[in-house]
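Novice: Can you keep this structure in mind? I'll have questions shortly.
Throughout, read-outs are computed from the coordinates displayed, never taken from laboratory work. Only a predicted model underlies this, so the values are computations on that prediction, with no experimental measurement involved. Don't worry about glycine lacking a Cβ; one is built from the backbone with ideal geometry, like all the others, and counts go over all protein chains shown.
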Amino acid sequence: MSEVIVVGAGIIGMLTARELAAVGHTVTVLERARPARESSWAGGGILSPLYPWRYPDVVSELARWSQRAYPGLCEALRTETGIDPECEPSGLLIGEPGDLDDARAWAARFDAGLEVTDAAGARALEPRLGVDFATGAWLPAVGQVRNPRMVRALRASLELGGVEIRSDCPVQGWERSGARIAAVRTPAGRLSADVFVVASGAWSGALLEQTGLRLPIEPVRGQMVLFRGPPGLLRRITLYEGRYAIPRRDGRVLFGSTLEYTGFEKRATPQALEELRRDAARLIPALADLPVECHWAGLRPGSPDGVPAIGPHPEIANLYVCSGHFRNGVVLGPASARLLVDQLSAREPILDPAPCQPARLARSSLA
Ligand SMILES: Cc1cc2nc3c(=O)[nH]c(=O)nc-3n(C[C@H](O)[C@H](O)[C@H](O)COP(=O)(O)OP(=O)(O)OC[C@H]3O[C@@H](n4cnc5c(N)ncnc54)[C@H](O)[C@@H]3O)c2cc1C
């Protein structure tokens, strides 16, 4: 078995480390700052793409595999660590999507259980609605996790299982030896391994560019507000005109999110707070009366069409990539980690990895 270095302790890096450790590799995760404080902490934890039929099929395939895995994974993490990721089958109600024929066709192909509702049906599902959805798409099987807890549980489970996670250890560069990577350069010195995996979220593009691989992964800022409400205020994850409300088990409600191409500027802005509060009050009027407990921003690892790069570097034999999950890294995470380790171990893959190959997604020919 090999020694593997995973670069990045977000949900993707940690799930990959878990899969690697499960097949017997010795794994070290190197984290630039603190583990799981970037996009994986900032996200919403919805276990579905927002309008799932608008994505390439491979995204639906990864999502479907993960959706089946999530309840068991969360239960295992809860048992191992005592931290409950709060995997809840809240269902997803989408108001007036506009492209219902596409939604129906997608649901039939992926056996996704989509029901079309009218205004009365939507209100029966979510009585707090402030907007009449003339038509709605109801996906009862969609769940959520409380992602800050999910990543905390993952970290604890990895550490209990003997995976070392090194904080404040940014990878600054690569040391090549022919067609292989011999070591990474960090402020703590050079660290060698047999195999390396880049799972560095929005920062993956720059790190891979040093190896001659130009993947179109760029930061896309998302801002979110958290309302403090009583338990049971809201029943369903509700999505309308690109904005969504997520009810947590303890009554808190998350409302998001913005989609901003502002580089690595991770600032939460007063304008976005105002817009999100306005849209929240329109969708769920009861939210207008609740205090905002928190407002934050995260940097998604944006990629064209939301297709992540999962697989080997085209020229460096012992370097792999698992990154570019854009708006869906939580839901796609378990399947992505599994698919990466399938390829690394030359095991039968859970699905066809071709659409996610880094060589195929690269911006242009190698430098
Ligand atoms: C507002 C918002 C809402 C979202 N909602 C959802 C949702 O409901 N459902 C869903 O599925 N997804 C959602 N997402 C998307 C999801 O959060 C991301 O796709 C996912 O977290 C990406 O995980 P990651 O591990 O690739 O990246 P990250 O969580 O960003 O982790 C990457 C890690 O790599 C580290 N790193 C970077 N460079 C280096 C280096 N050189 N050396 C060492 N470490 C390095 C970083 O510090 C970071 O910890 C949302 C995102 C946002 C911002």
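Novice: Going by how many other beta carbons lie within 10 Å of each one, how would you line up Tyr261, Tyr55, fewest first?
Specialist: Least to most surrounded, the residues fall as Tyr261, Tyr55.
Novice: Shifting gears a bit: Between Arg123, Arg235, Arg18, where does the largest GNM mean-square fluctuation fall for the chain, given springs only between Cα atoms within less than 10 Å?
Specialist: Arg123
Novice: Determine Rg/Rh for the chain; Rg is computed over alpha-carbon atoms and Rh is the Kirkwood hydrodynamic estimate from the same atoms.
Specialist: Numbers: Rg = 20.4 Å, Rh = 20.9 Å.
For the chain, the value is 0.97.
Novice: Right, here's the next one. Measure nothing fancy, just the Cα-based angle from helix 100-110's long axis to the longest principal axis of the chain, in degrees from 0 to 90, nearest 10.
Specialist: Approximately 50 degrees, to the nearest ten.
Novice: Return the percentage of antiparallel bridges among DSSP beta bridges fully within the chain, rounded to the nearest 5 %.
Specialist: 70
Novice: Among Leu299, Val253, Thr186, whose Cα lies farthest out toward the positive end of the dipole of the range 181-310, if unit charges sit on the beta carbon of Lys, Arg (+1) and Asp, Glu (-1)?
Specialist: Value computed over the given set: Val253.
Novice: For Val29, which sequence-distant residues (separation of 5 or more, or a different chain) have an amide H within less than 5 Å of its own amide H, given hydrogens modelled in the peptide plane?
Specialist: Excluding prolines and chain starts, which carry no amide H, the hits are Val6, Glu164, Ile165, Arg166.
Novice: Taking the chain as the reference, fit the longest principal axis to its C-alpha atoms, fit the long axis of helix 11-22 to the helix C-alpha atoms, and give the angle between the two in degrees, 0 to 90, nearest 10.
Specialist: Relative to the chain, helix 11-22 is tipped by roughly 60 degrees.
Novice: Measure nothing but the geometry: give the 0 to 90° angle between the long axis through the Cα atoms of 57-81 and the longest principal axis through the Cα atoms of the chain, rounded to 10°.
Specialist: Roughly 90 degrees between the two axes.
Novice: Among the Cys residues of the chain, which have no other cysteine Cβ under 4.7 angstrom away?
Specialist: Cys169, Cys294, Cys322, Cys356
Novice: Compute the whole-percent fraction of alpha carbon pairs in the range 151-220 spaced more than 14 Å apart.
Specialist: Working: 1645 of 2415 pairs.
Looking at the range 151-220, the distances longer than 14 Å represent 68 percent of pairs.
Novice: Taking a quarter of the surface of the Cα convex hull of the range 106-214, what do you get in nm²?
Specialist: 12.5
Novice: Over all directions, the average projected area of the alpha-carbon convex hull for the range 220-285 comes to how many nm²?
Specialist: 4.6
Novice: In what order do His313, His325, His295 fall by count of nearby beta-carbon atoms within 10 Å, going from fewest to most?
Specialist: Working: His313 23, His325 32, His295 17.
In increasing order of surrounding Cβ atoms, one gets His295, His313, His325.
Novice: If you average the alpha carbon positions of the range 75-121 and of the range 300-367, how far apart do those two centres end up, in angstrom?
Specialist: Using only Cα atoms to place each centre, the spacing works out to 25 Å.
Novice: Further, regarding this structure: I need the Kirkwood Rh of the range 1-147: take the reciprocal of the average 1/r across all distinct C-alpha pairs and report it in angstrom. It would help to have the intermediate numbers written out before the result.
Specialist: Values: mean 1/r = 0.0572 Å⁻¹.
Kirkwood hydrodynamic radius for the range 1-147: 17.5 Å.
Novice: Another question, if that's okay. Neighbouring Cβ atoms within 10 Å as the yardstick, rank Arg327, Arg78 fewest first.
Specialist: Ordered by Cβ neighbours within 10 Å, fewest first: Arg78, Arg327.
Novice: With +1 on the Cβ of every Lys and Arg and -1 on the Cβ of every Asp and Glu, and nothing else charged, how large is the dipole of the chain about its Cα centre, in debye rounded to the nearest 20?
Specialist: 720
Novice: OK, next. Sequence-distant or interchain residues sharing an amide H contact under 5 Å with Ala268, placed H: which?
Specialist: Ala297
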